[in-house]
């Protein structure tokens, strides 16, 4: 064990003497070991007091695991068991024990402002968890929080950075996840119905104890000044969560941007979630949006596999520009996270039913992977650095992204309006390369549409806070376009949609020039219509693109 890990672990160690009182307050929880029976109670100020009898303590340690029923969970689907779940995990965290749900139990979890903190391996098994969001005290309070016992800190010496910098002048106690911000620079100045003034420049990357940056997830911005920096030591051991049938009773709040975050928040590195199922019931004609049943943030190396999730019903509100907008609402959100993988996952509702919003959204993340997934969409709002979609099927919202690095789509079927849509509200920018290999594209899920592979728009007249790029190079090696159902006078699928219909000759002025693609390589491309790929409806805009047919 590394010295830094040992130091942080010792902060949470409690020496127990049988028959004597020992206590420690963690997460507003006090645990004692009196001779009286094991019990849980909450004081008027919200502090949870847990007593574990010496006899039970010996048993729990011998078993190596505790169950929710050990701390009073009824598991009858009616009694609110939230306090028992919180207590079980608090005790397990302190003693380093695993947690196992009672087989066949149904835990009702009401709207109390309580969060069960998971820091040890947890097996939800065959149990059902009913999350009732109809009366919630704090919509921002997750039901479960997977976090680290290691503490974040502010390292000295990081005052400026450069994109792709390989080494940082800093000494760390262990490999850390480093987050930096320059509040003087604004990026992602959004355009359109949800327009805004942008966000402070931020980046997240991994640095070892000697200051070496993990170049699999490089620094993507220049930082002339770092106004804030934090470092979080990365847990070396993998924490595993398995099983569980979760059912959310949807909120009935006003339809506006008051996001609910009532699920599992993951803020610890090296986590695997395997075999969990989440369903949603009770959605009516209105409701507030959700920020993700899985909300993954400020961590690295997280894998969600063999899980079944559910898309949320789409509701409308008035956006910042004063016009009606459909609110994004998610079962998966990834923010400021690295190396996050979804493997062999699917959703309960039809991936092509546009009554339900796309299941996933992300911001400020790097190295995202879908492998063997059937979802309604992949999405990167405020940038992703490197993404891969393979062996997957994506539905009505398809692939929406902006960012940098390499975006690879292989052995997948995409049923969106474009094969890849570069989000116009953030400038339709991708600074890097796109590779499409052995894929099937069904434009608009087979509806009558004039197909285009790469979609987006950029007038060159809006300042997004960065130079906007189309992918420098697009490589297509194996693509079948199922354009069986197409409009009259259809000329065949376009490689690029009409990104700027007003740019028809050299007189058009771009205050913020949009950098176009240099090269497209085509190999093994075929269509159901029998028509060949063409460049674009806007031939002038893409006149300098080099098309190579192999």
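What follows is calculated from the coordinates using simple rules that are stated; it is not laboratory data. The structure displayed is predicted, hence computed values, not measured ones. Quick reminder, even Gly has a Cβ in these numbers, built from the backbone with ideal geometry, and neighbours come from all protein chains shown.
Numbers at a glance
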| quantity | calculated |
| --- | --- |
| The range 278-343: mean projected area of Cα convex hull, nm² | 5.5 |
| Ratio of the Cα radius of gyration of the range 80-200 to 2.2 N^0.38 Å, where N counts its residues | 1.53 |
| Where Rh is the Kirkwood radius over Cα pairs, Rg/Rh for the range 214-356 | 1.02 |
| Additional length obtainable on full extension of the chain from residue 135 to residue 374, 0.36 nm per residue less Cα span | 82.8 nm |
| Cα convex hull of the range 145-192 - mean projected area over all directions, nm² | 6.2 |
| Largest to smallest principal axis extent of the C-alpha atoms in the range 420-492, angstrom | 41, 27, 19 |
| The chain: C-alpha pair distances exceeding 32 Å, % | 50 |
| Inter-probe distance in nm under a simple model that places probes 7 Å from Cα toward Cβ, at residue 45 and residue 151 | 2.0 |
| Mean Cβ count within 10 Å, highest first, over the residues of peptides 278-287, 88-97 | 88-97, 278-287 |
| Inter-label distance for residue 447 and residue 484, nm, one decimal - labels placed 7 Å from Cα along Cα-to-Cβ | 1.8 |
| Difference of contour (0.36 nm per residue) and Cα-Cα distance, residue 521 to residue 126 | 137.2 nm |
| Debye-sum result for the range 417-550 in log10 I(q)/I(0), which assumes one identical scatterer on each alpha carbon, at q = 0.18, 0.21 Å⁻¹ | -1.00, -1.30 |
| Theoretical gain in end-to-end length, residue 461 to residue 318 [0.36 nm per residue, Cα-Cα removed] | 49.0 nm |
| Förster radius 51 Å - calculated FRET efficiency between residue 532 and residue 216 (Cβ-Cβ, nearest 0.05) | 0.85 |
| Between helix 82-95 and the chain: long-axis angle, C-alpha atoms, 0 to 90°, nearest 10 | 80 |
| Ordering of 73-83, 413-423 by packing [mean C-beta count within 10 Å, highest first] | 413-423, 73-83 |
| Separation of alpha-carbon centers, the range 516-548 and the range 436-462, rounded to whole Å | 12 |
| Rough spin-label spacing in nm, given labels placed 7 Å along Cα→Cβ, for residue 164 and residue 549 | 3.4 |
| Percent antiparallel among DSSP beta bridges (both partners in the range 417-550, rounded to 5) | 0 |
| Span per principal axis, largest first, for the Cα atoms of the range 148-234 (Å) | 45, 29, 23 |
